Structure formats: C-alpha cells, structure tokens
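The values are calculated or read from the model by the stated rules, or taken from the named source; none is laboratory data. What you see is a predicted model, and the numbers here were worked out from it, not measured in a lab. A quick note on method: Cβ atoms are made from the backbone with ideal geometry, for glycine too, and the neighbour counts reach across all protein chains shown. With ligands, DNA and RNA removed, areas are computed over all heavy atoms of the protein, side chains included. Shrake-Rupley method; radii C 1.70, N 1.55, O 1.52, S 1.80 Å.
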There are 4 protein chains.
Amino acid sequence: MANHPPISYRDYLKIETLLEIQKPRSNEFGHPAHDEMLFIITHQTYELWFKQILTEIDFVLASFGSEKVDEAIMGQAVSKLHRVIAILRLLVDQVSVLETMTSMEFLEFRNYLYPASGFQSVQWRLIENKLGLARETRLTYNSLPYTAFVSEPERDVLLASESQASLFQLVDTWLARTPFLQTEGFNFKVELKNAVDDMFTEDRDKVLGNTLLSDDERKKNIAAVEGMKQTFASLLEPEAFEKLRVDGIFRMSYGAIHAALFINLYRDEPILHMPFQLLTALQDIDELMTTWRYRHSLMAHRMIGMKVGTGGSTGAKYLKGATEGHRIFTDLFNLSTYLIPKSKRPVLPEGLRLKMRFN
Amino acid sequence: MANHPPISYRDYLKIETLLEIQKPRSNEFGHPAHDEMLFIITHQTYELWFKQILTEIDFVLASFGSEKVDEAIMGQAVSKLHRVIAILRLLVDQVSVLETMTSMEFLEFRNYLYPASGFQSVQWRLIENKLGLARETRLTYNSLPYTAFVSEPERDVLLASESQASLFQLVDTWLARTPFLQTEGFNFKVELKNAVDDMFTEDRDKVLGNTLLSDDERKKNIAAVEGMKQTFASLLEPEAFEKLRVDGIFRMSYGAIHAALFINLYRDEPILHMPFQLLTALQDIDELMTTWRYRHSLMAHRMIGMKVGTGGSTGAKYLKGATEGHRIFTDLFNLSTYLIPKSKRPVLPEGLRLKMRFN
Amino acid sequence: MANHPPISYRDYLKIETLLEIQKPRSNEFGHPAHDEMLFIITHQTYELWFKQILTEIDFVLASFGSEKVDEAIMGQAVSKLHRVIAILRLLVDQVSVLETMTSMEFLEFRNYLYPASGFQSVQWRLIENKLGLARETRLTYNSLPYTAFVSEPERDVLLASESQASLFQLVDTWLARTPFLQTEGFNFKVELKNAVDDMFTEDRDKVLGNTLLSDDERKKNIAAVEGMKQTFASLLEPEAFEKLRVDGIFRMSYGAIHAALFINLYRDEPILHMPFQLLTALQDIDELMTTWRYRHSLMAHRMIGMKVGTGGSTGAKYLKGATEGHRIFTDLFNLSTYLIPKSKRPVLPEGLRLKMRFN
Amino acid sequence: MANHPPISYRDYLKIETLLEIQKPRSNEFGHPAHDEMLFIITHQTYELWFKQILTEIDFVLASFGSEKVDEAIMGQAVSKLHRVIAILRLLVDQVSVLETMTSMEFLEFRNYLYPASGFQSVQWRLIENKLGLARETRLTYNSLPYTAFVSEPERDVLLASESQASLFQLVDTWLARTPFLQTEGFNFKVELKNAVDDMFTEDRDKVLGNTLLSDDERKKNIAAVEGMKQTFASLLEPEAFEKLRVDGIFRMSYGAIHAALFINLYRDEPILHMPFQLLTALQDIDELMTTWRYRHSLMAHRMIGMKVGTGGSTGAKYLKGATEGHRIFTDLFNLSTYLIPKSKRPVLPEGLRLKMRFN
C-alpha cells in the first residue's frame, strides 16, 4: 500500500552502525574488562535520550518564540513537555542499571577513560542552556568555565545556545503578556493586596482576642503575622521585589511572577488550564533534573569514594554542588510562599470570568 | 597518571556517529513528522540495551558451559543476571515513553516505515534463543517462521544460535549434576515420597475424623487429598513425569526438576544460596520479558487499533500470542505446585548438612 | 496561628489503631511465619489506595453527572484521573515487593488464610463497577457470580454500584452531547465519509497505476483497499455500527464514538484539549488496571504454581482470564483503527474553528 | 482442607477498621477539602511500610545479634534486606503520588494540621536508630532534640532503641571477627601495604621516566602519587586511621574496615558471596533513604515554598539538611577510595583459598 520504497527494520534504524560503535578501551589495550560495555551503553543511551529531549525543547521554544503564542499550539507544547518528563523519569531509573556495576569492576577499566568525563556531555549542557541555566550561576570546575572542557565546534554550539532566548526567558515574556491582570475594573495587584491585608488583619484580631495566650506568646504571634504581611508586600512593590531578585529568591520579572501567581490562583478557569499545566511541567522537569544529578552524585560516591574523577575533579563533590546550584525554575517553587487559600482570593468580576471561558 | 593516550568523552562514546544515525523518513520524503524521532530513538535505545543483555547472557553461558562450574563464578553469574533484570525493568518502563506518542502522531509517518517491524529485531530473537526458546514453540507470523523476516547474514546468526546450547539446556545439565540428591544413606526421591505420603495420610485421617463434615463433603475432601497425592507421585515416577513433559507442564529433565525442587526446599543451606538466587533470577527474567511483551501488545492496540501492522501482520494480536507462548522458564513457576512446607520436608542427615556448609 | 485545637501526627493519622490491625494468623495458631506480616501489609496498603482511587472516581462521577458539565470542572476532573494513574502505577510496582516473598515462605502460612482470597476485595469490584465494567462481562468464578463471595452489607454496596451511572456511561452521554459534529454548514459524518472515500479512491488509483505489480498483487491490494473502505463505512452507517456493537468491537453509542473520533482528529483546538486528555487518561487507567491484573497472574503462578487458590479457584487462571476480559474502555483503543492522517481530515469551517477557541 | 476456622478477606485484613480511620479535619471543621484524603492515605501507607521495614530490620538484628552468626541465616538476612530495598524503592516512587496534589490544594486544609508534622513519625526515627544513626549526628530541629517532638510512651521506645545494638554496630562487630585477615602465613594488612607500595613505586617510576613531561608536570604528578600513597597508608596505620575517624571519614572500627575491604577485594570467593551482598544491600538502603529524604525536600519546597512547616520549622530546609546528615553507612561508600584493581591485589595463599570454598 505504501508509496515509498520498502525499508527493513535494520536499515531504518541503522542497526549495523548503531551496534558497531561500542569500542571498549580495555579490549583495545589488551585487558578486556567485561563491564566496560555496560558503561559505554549506559552513556550512549543517555545521549540518545538527551537528543530526544532537545528535539522536544526545540519544539517548545519555537512555539513560544513568536509574538503571540497560538492557542492551538499550547496543547502540543504541554504534551511535549510531558514527554520530556517521561524521559527524565526513565533516566533517573537508569541510574539503577549502572549501579549494578561495582566499584571493583569499574576499577578494571577506569584508567583507560582518562580524561573523558560525563562533565563533557555537550547535549546535557545544551539542555540546561536552552531551558535557561544562566552562565553566571553555573559551577566552575577546577576554577574553569564549563566551555573549557569541550573542543571547538562544540564550544561554539554551546556559546550560541547561551545567546539564544531560553525557555525561561520566553516563558517569562509570555507570562508578562498575560492580559487578565489589569482589565477594566480589575487590578489584580491592588485586589490581591487588599485581600492579603484583610487576611492578616483578621489573623491579628484573632491573636489579640485570644485570652488563652500569654503576653509573650501574643507578642510572638503578632510578630509572625507582621512578618508574613511584609513577605507578601515585597512581592507587590517594585522596589521590594527587586530586592528579592537581588537575593536570588526570584529571577523572573515582576510582571511574570504576578501572572504566574494569577494562574495558580485561578487555574480552574478554562483559559488557564494549559498555562497551569505548563508551569507544573516546568517544575516537574526541574525536579527530575535535579533528582538525576543527585542520584548521580550518590553513585559517583559509591563508585570512586573520595578519589579524583577521571576528568580531574572530585566528581562526586562537583555533582553535589550542581544538584542544587543548577536548578532553573526555582521561582515557581518559591512562588508557593505567596499562595493563599481559595476562599481568600480576590473575586473575579463576572465579565472577566466570561472572557476566560469558551462562549 | 594514565598510561594510555588521553581520550575525550565525545571520542570515547563515538558521539558524532551515534547522533547522526537518526534519519526520519518523513523528513526524507518531505513531510516531516515531529514524533518520528521519538520512534527511532526509542527503538535504538532498545537495541543498545538488547546488546547489553546479550553481553551478559554470553557471560553466563560461558560460566555454565564447562564440565564443572567453578564455584567462584557463581557470584558473578548471578550478578550478571541481576543486571539483566535491572535492564528489563527499565525496558518495561520505557514503554511509557513511547506511549506519549498518540495514535494520530504515529499516523503522520507510519506509512513510511513499511514493511519494517519490531518483529525483525534480530537481537531480541537472539536473546530468546540463547535463553532457550525452542523453535517449535515459536509462534509463526502469517504462517511463516521467524527467520523468514530477516535477511541472510542475520538469518545465519539466528540459526547458529538455535544449534548452540541455550541457558535453559546448560542450567538443566548443571541441575541434573547436583550431587546431594543421592548420597550415602539419603535418597531424596525416596525420602520425599515418604514425607509426602505421611503428609497426605495425616490429611486423610483428619478428614475421616472430622465429624462436622457431611458424607458428601467428606467424599469430596478425600478425593481432593487423593488428587494431590497423585499430582506429587507423577513428579517422582519416571513414566508419569514423562507424561507431564508431553503435556508441556515440564520441559526440564527428570533429574533437573528434582534438583530444582531440592534447591527450593533447602535453600537456606549455604551451598544452595547462589543456586537458589540463580533459579529466582531466571524466573524474574521470564516474568519481565513476558511483561514487556504484554505492555507492548497493549501499546500496539492503542496505537493502531485493529489495523494491520507495518510488517503485514495484525501486530497487536501476534504480540498477545507471543506474550504467553514465548515464556521459557515456566518449569520453575510450575514447580511451586510441588513445594511442601518446611516442617514437612525430609530431614537432611547431619553428614549431608555439613557437606553443604563451609568447614 | 491556627484556629483549631492542635493535633499531633500520631492522633491525626490514627497511628495507634493503624499499626494494631496486623494480626498474623500464623502467630495466633502458634506457628509464627515471618512473611505473613508482608502479606497483610501489602494487601492493606492496596486497600488504602483503592479507597483513594474511589475518592477520585466519585469526584469525577459527580463532575460528569450533571446535565451540563461545568467547563471549570474539566481541569480538576482530568487532574483527579491523572492522580488515579499515578496510584495505579504505584500499585503495579508494588507487585515487586510482594514478590520478594518466595513460594516456600508463602506455604508457611497459606493454610491459615483459607478461604480468604483477593477475589473478595469489595473495593476493587467497586472500582470496576464505577468505571463501567458490566456485570455480564464479568468472569464467573467456579460458575458463581462475583457477589456470591462477599457477605451481605457489602453485597448491597456492590449491587447498588451496578445500578448507578458508571463513568463509562456518563462519558458516553457527555460525548454524545458534543455540539460541534453537526453545525450549520458542517456535518462531520458526511464530511468524514467524503474524506475517507477520496483517500481510498486515491489509494485505488495508485494501485491500478502501479505497473510494477503483478496481476495477483494488484488484485490483493485492491481487495485490501476495499476492505478498509468497508471498515470505515461500518463506523458511519447506523446498522453496520450496530453490528460492531453486537460483535463487541464497540460498546459506546453511535454518537459518542463519532465525538470521540472528532476529539482525536481535532484535539489541537483549545476547546478539545481537556476532552482529549480525558480520553487519554481513561485509556491509561484501563491499561494500568489490566497490567496490574497481568502482573498478579504471573505472581500467583510463581507463588502457587497450578495449585488451587485459597479461595477455592485456580487463582492464577482466573486472573489471566480477567486480565483481558475485564477491560472497560477498549472502545477508545479500537477507535485507533479509524483514525486518518491529519492531512486527510475534513477541513473545519472557519466559523466552527473560532467557536472552538477563546475569543 | 484447612484445620483452622475459616476466615474472610475482610476479617483477615481488618478492612472495616482500616477504612474507618481516615478522618479529614477539614470535614470535621466544616470546610471539606477533597485532597486531604490523599494526604492522610499517603502518610498511612508510609507508616504501614515503615512497620514492615522494622519487621525486616528486627529479623536481621536478631540474625547478627549472636556471638557466632549462623551460616544458614545469611541467605535469609540478605533477602530480608533486599525486601527493605524493594519497599524503599516504592516509597521513593510514592512521592510522585503525593505530588499530584498542588500547593493550592494543600492550602485548603493545611491550617487544620497544626502542629502535626512528618517530623513526628516515630517509626521512621526507629528505622534510623536501629540501622545505626547516632544521636549526636542527628540534626536538631529548632534547637531541640528529635525526642522533644513525641509524647511519652513513644519517647521511651525511641530512647530504648538508642541504647540497643544497632545494625551498624552488629555489622561492625561481625566484620571485625572475619577470620581470614590474619592466618598462618598471610597477614592481609602487611600484604596489602606491600601491594600498594609496589603499585605506587611503579607509578612513580613511570612518571620519572616520562620524557614528555615538563619539570613542573613531573613534580605535580609525583606529588599526586605521594598523596595517594599517604591516603592508603592512613587506612593501615592505627593512629592515622584514628584521625580519619575523628575527621568523620570513617565511623567503623579499624578491624571492621579492613574486613570490609577484604570482602570487596575477594568477593568472588564463595564464602564471601553473601557478605558482599550484605555490604551492597546496606549501601542500597542508605542511598534509597537519602533519596527519599531528598525527594521529600523537593516536594516540600514545591508545596510550601519558603513558608514555615506545620511543625513550626522551615520544613524544606530541615529535610535538605537531614538528606546528607542522616546517612548511616557512608563508611562503605568511602571505602571505594581504597580499592585497587584485581591485578594489583595480594595473591591469596592456596590454603586460604581452599578454606573459602566448599570442599
């Protein structure tokens, strides 16, 4: 039935080449170590999956790259991110396979790898860059930047990716464009401030009226209420927010953060279904990437103890640092600090609610 | 410190070639379908892992291939099988990744694949052959044998694997050699028969003495006891056992089955620790391979409904048949029918027990 | 800060009672078997998770129970189903935990369980009923209906659930109400028929014009095209469709199936994002429930071989039958047979497309 | 057939009580929050699995508690630890289920939980104590010891567990008793020192003979070789080792560490098969417990941002600290630093090798 020359499974998947490119160095140098094959194949499958992740991220970058994001693309963009999540979940589990190799088995061929190191994976760096890891937050490695460890053509690819708009940036821009936060008769920021103020006044009154509290407890509780009021205020006032950015609590723009908060608070509105799934997916990705790094640091600890890594660094230590330091979407996690219960949310005007639904 | 020319991650893993051999046909024919990349990479990672599984199986085949299996190799053989288990677990999970592709997305490039089919994976067939799937139990595919679907050089590899000793056969031979079943003053078969007879006589007496039973219930219970006694007898008498083999309940030899039973009953003895782990691992492998086939048949059903597969078969249906039909170590599962509680086991003579321990 | 009496972790979770209700029978009867605790706890956690699944299904039933499903509820309903999926995934993995108990260890206490059997889990039956498993498709067990194995108050709960609208039914009704299939100037059924006819005419012409085919091949190919045309026709003509229902290919109503097809074909339209996720989630649930049953049947085979189950049945065999026989949303899987590539879909009129978007 | 009063599934598992003890506080106080049920059930299943883990640890403690560990118990002890691993793997995956609850959904009932906190789980603390977490390495919580957060009868249970021999201690004692390290004509410590010295002399000679190195590089390399020689020396000399203990690199005794090293180096010898599996299992458990804590800290960050936890602490921060700080078997990970390739191991005298095999 097909209108195309027939093709076999073998030719389609380039099986011959695929199965030819595992070349254990221990064989080459005359001391075959059985487990080197596992080491190679584990890393090659990692790289294949990295390629797939990049394919999906590129799709999402393209979707969010235009002036106006097509409504019809949102479903697809989110489903591509869900695929990235499914792959990352697999990669985390895959650590268990490599862990079936013991430290002694690794020692049999470890010497031959020098100075190759997982640190040199260009695709993983690309994933980080395209998602939005900023160069300045990257850990240096033996005091050298990450680009020092890859050769020229690849270094250019990495540098180029740094100067392109990342998903972090595109999502920030897209969020900041969200139209509902300031419409006729509704100013989200003002309404939220009022709601939060009411909430804390109520809390304060409760504390003051609570005759069971000692003077000391009352003072402490009032201070806590004041503290939380202050916390919220800093999200809404431009200068205070700027300070949060300087402190590294937030990296997103003032407008984007408010939009993200709005989406979280009103995500049951149909027009926010997909945006909410998008923000959730970004958190899942961040969490899985960091879990993968963490599992790797444990495995490295187990495999080489406190030895110096094949790439010349104390590998286990570096990985542990990168685990937290290379997180990208912490803003979305930190945002939880500012959520309030549904019952305390500002009520949306009917007109606005209708705009957020299908007719 | 290394005595070998340095090598980079990129060169060691042949990254350039590895990432070059994904050639979506939909691109080639001018109708790029985004998800074809996922389809290719999923299958390429499958094949890489199949290669790793074959590497481990070859190790185990070599370990069990000699006249006398070296004690010191048992630990390693079992740990290689545990690795196969870890990989198969990953492959089962990997189905979830491919399932992020919907039926509609598959349709965008499905036509271009014709007549390529997962059915043509030579490595998967090799795994089955090396583990011990017999040609005669293989499902035919459109009434043709499985070798009809692969081209010449690969067909020879498959045929060669059929004529080599499989793990099933080597394990059978190794089991049949187990020395402890007939030693001075202890004949396992006789002792087991006595133990089982006592157990059923006791059961029978209990039924006869149970005044709460109606005549009818008593008859039924006695019949059940007799039936189970018969079941056990058939394992111990050569002709009756031969009938079980003809009926497909067992495929292993008379001697091997008894050894497997012995290992199960007395696996706390140190010398049986590793043999017991081996038998358990073979069941795990069988179970995971069959689960993988099952998950695949569900995925195929979801992807193509009742359409004809790209290889020309009703793929989903074939997979479902192979799920159960291609199981290899069912003997070990069926053996559970014949296990008896610890308290009913024949007691091992002290001399024998000492032989099964370290000095 | 809280306005409620303080509570401890222990009291909140009723830890004392929770940890008191594991009562191994082997202890009670004086032959403690270490692994009975695992058996009890595995099943108790199953039941707790079943309760959670029921909590979510009840939410979704309520959401779809009203005359008009609130747009704003769709996001929540889908996320509750995603939770059910996450739980079922866990339950499938949980089988591996119970499998750390060997057949011999089970034998130590198996006798004491008689005639308790997982078959008597009322909650699992409730899940099946509420999702939409029809009584007539249920496997009987020793020729008795499933309600014969539970005691009175629970039997009533089960019978009541049979007479309430199931998710299958509510989704069918909701699908059949989909407004877009017949609007001014667009009749989906007619348009689809035309599109499919064109597609097959094109295919037919290609076959006839293909000079490389032998007469025999040409005939065969033409027959295949005709066969597929017929297959599609049967979906669109009421009488032919009725036959598909009688044959068990479909169980959903004529209108619902078309709506489901429409949702699959045009799921990129914003208004179909959530409905598409819903249909996908139902397939995931069906697939995971059947995988769970399958894994259980393998485990039962391993644990008891071909022995009779504690509930008096050949448990392993029953489970294998139920694996496929108790699937609920096979319609959605079978629908894939009728999907066509995006490029062949009927083009939606601009007016209709706008209705499917936010303003 | 059974000699025991029949029992139903429902009675055996105490289903009625089990399903009655989920009491959402949000219901009680009149503001039902749908997701509180998930919160309760997730934590109750955690506690049930903790009970199972304790059951297995108690078995292993009993096995290792006697003066001489019975050879026949080793297989069982290891398989119980493998079960703990399977359970912990499930618990790590279970985090994904709780994560289907969003921050906003948690807010709906979070207030009612005060001051209950997962920090108060007595069973988790017991697991840590029984495995061997020392009180002095425990993180304090708001400057208070962990026992400050549980009520009296439970506090006594915790304190009692602190004064009993932990698995860490029992394994240390058992390792220190390993007979093979000093036998007639073989002193492991001396032989190892010689082997390591030879290895480094060889390395040193290679550096000195390498004419391609600059003076500076030569100096640096020589220094590295000397450094590693020193590292090994510190393991073998009592005073230097004591310093490693003071520095927290090791916590095990001098004799136990050498035995663990011996087991790693010669684990192919049959008598070391089970001991090696034991050490591996302890590392797996340590790694999974720490992964579970890590996943929890990420989830807490997501759920409450930088808010103060219900127990009054910054929960996310505490969890992050405990992730690394509460590891128990780091000795076994750190030991990898001291492993050498097989080819450099001291050769075992034939007489010793025979003692490590079955006759």
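Hey, C:THR337 hits all of (1) of a type in the set (S, T, N, Q); (2) modelled with pLDDT of 95 or more; (3) farther than 30 Å from A:ASN359 by Cβ but one; which does it fall short on?
(2)
Give region C:314-332 a look and list any residue that's basic (Lys, Arg) and either surrounded by fewer than 18 Cβ atoms within 10 Å (Cβ to Cβ) or within 17 Å of C:THR231 (Cβ to Cβ) (or both), or say none.
Result: C:LYS317, single match.
Is there a residue being surrounded by 12 or more Cβ atoms within 10 Å (Cβ to Cβ) and at pLDDT 95 or above anywhere in region A:136-151?
For region A:136-151, residues surrounded by 12 or more Cβ atoms within 10 Å (Cβ to Cβ) and at pLDDT 95 or above: absent.
Please specify each residue of region B:304-330 satisfying the condition of being modelled with pLDDT of 85 or more, more than 10 Å from chain C (Cβ to nearest Cβ) and part of a helix (DSSP H, G or I).
B:GLY325
Here are the criteria: (1) charged (D, E, K, R); (2) more than 7 Å from chain D (Cβ to nearest Cβ); (3) open to solvent by 10 Å² or more (accessible area, probe 1.4 Å); (4) touching a helix residue (DSSP H, G or I) at 6+ places or on another chain (Cβ under 8 Å). Tell me which single one C:LYS68 does not satisfy.
(4)
If you go through region A:13-59, how many residues are surrounded by 20 or more Cβ atoms within 10 Å (Cβ to Cβ), of a type in the set (Ser, Thr, Tyr) and at the interface with chain B (Cβ under 7 Å from one of its Cβ atoms)?
1
Any residue at all in region C:264-276 that is closer than 20 Å to C:SER166 by Cα and facing chain B (nearest Cβ under 9 Å)?
yes
Yes/no per residue for (1) of a type in the set (Val, Ile, Thr); (2) more than 14 Å from chain C (Cβ to nearest Cβ); (3) on the phi > 0 side of the Ramachandran plot:
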{"site": "D:GLU99", "(1), (2), (3)": "no, no, no"}
{"site": "D:GLU108", "(1), (2), (3)": "no, no, no"}
{"site": "D:GLN123", "(1), (2), (3)": "no, no, no"}
{"site": "D:SER143", "(1), (2), (3)": "no, yes, yes"}
{"site": "D:LEU175", "(1), (2), (3)": "no, yes, no"}
{"site": "D:VAL190", "(1), (2), (3)": "yes, yes, no"}
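Among (1) facing another protein chain (nearest Cβ under 7 Å); (2) farther than 29 Å from A:MET274 by Cβ; (3) open to solvent by 10 Å² or more (accessible area, probe 1.4 Å), which single condition is A:PRO5 missing?
For A:PRO5, the exception is condition (1).
Only residues in region C:321-345 that are without any contact (Cβ under 8 Å) to a residue 40 or more places away in the chain count as the first member; pair them with residues that are among the polar types (S, T, N, Q) and open to solvent by 10 Å² or more (accessible area, probe 1.4 Å), Cβ under 7 angstrom, at least 6 apart or cross-chain, and list the lot.
Correct list of pairs: C:SER336/B:SER103.
Residue check: is C:ILE285 open to solvent by less than 30 Å² (accessible area, probe 1.4 Å), of a type outside the set (Ser, Thr, Tyr), closer than 30 Å to B:VAL92 by Cβ and at pLDDT 90 or above?
Criteria met by C:ILE285.
Can you name every residue in region D:277-296 that is of a type in the set (Val, Ile, Thr) and either more than 13 Å from chain B (Cβ to nearest Cβ) or under 17 Å from D:LEU133 (Cβ atoms) (or both)?
If the condition is that a residue be of a type in the set (Val, Ile, Thr) and either more than 13 Å from chain B (Cβ to nearest Cβ) or under 17 Å from D:LEU133 (Cβ atoms) (or both), then D:ILE285, D:THR290, D:THR291 are the ones that fit.
Can you name the condition, by its number, that D:LEU167 falls short on among (1) among the hydrophobic types (A, V, I, L, M, F, W, C); (2) within 30 Å of D:ARG135 (Cα to Cα); (3) more than 35 Å from the chain's Cα centre (by Cα)?
(3)
Within region C:333-359, can you find the residues that are open to solvent by less than 50 Å² (accessible area, probe 1.4 Å), more than 9 Å from every other protein chain (Cβ to nearest Cβ) and in contact with a helix residue (DSSP H, G or I) (Cβ under 9 Å, 6 or more places away or on another chain)?
Correct list: C:PRO346, C:LEU348, C:LEU352.
Collect the residues in region C:152-164 that are open to solvent by 20 Å² or more (accessible area, probe 1.4 Å) and either touching a helix residue (DSSP H, G or I) at 6+ places or on another chain (Cβ under 7 Å) or free of Cβ contacts under 8 Å to residues at least 12 places away in the same chain (or both), keeping them in residue-number order.
Across region C:152-164, the qualifying residues are C:GLU152, C:PRO153, C:GLU154, C:ARG155, C:ASP156, C:VAL157, C:LEU159, C:ALA160, C:GLU162, C:SER163.
Report whether or not A:LEU126 is open to solvent by 10 Å² or more (accessible area, probe 1.4 Å) and free of Cβ contacts under 8 Å to residues at least 60 places away in the same chain.
no
Kindly establish whether B:ALA195 is open to solvent by less than 50 Å² (accessible area, probe 1.4 Å) and either touching a residue at least 60 places away in the same chain (Cβ under 8 Å) or among the charged types (D, E, K, R) (or both).
For B:ALA195, the condition - open to solvent by less than 50 Å² (accessible area, probe 1.4 Å) and either touching a residue at least 60 places away in the same chain (Cβ under 8 Å) or among the charged types (D, E, K, R) (or both) - is met.
Which numbered condition trips up B:TYR114, out of (1) more than 8 Å from chain A (Cβ to nearest Cβ); (2) open to solvent by 20 Å² or more (accessible area, probe 1.4 Å); (3) touching a residue at least 60 places away in the same chain (Cβ under 8 Å)?
(1)
Restricting attention to region A:215-253, which residues are within 29 Å of C:ALA72 (Cβ to Cβ) and either surrounded by fewer than 18 Cβ atoms within 10 Å (Cβ to Cβ) or within 14 Å of chain C (Cβ to nearest Cβ) (or both)?
A:SER253
Which count do you get for residues in region D:175-188 that are open to solvent by less than 70 Å² (accessible area, probe 1.4 Å) and either within 17 Å of the chain's Cα centre (by Cα) or not aromatic (Phe, Trp, Tyr) (or both)?
6
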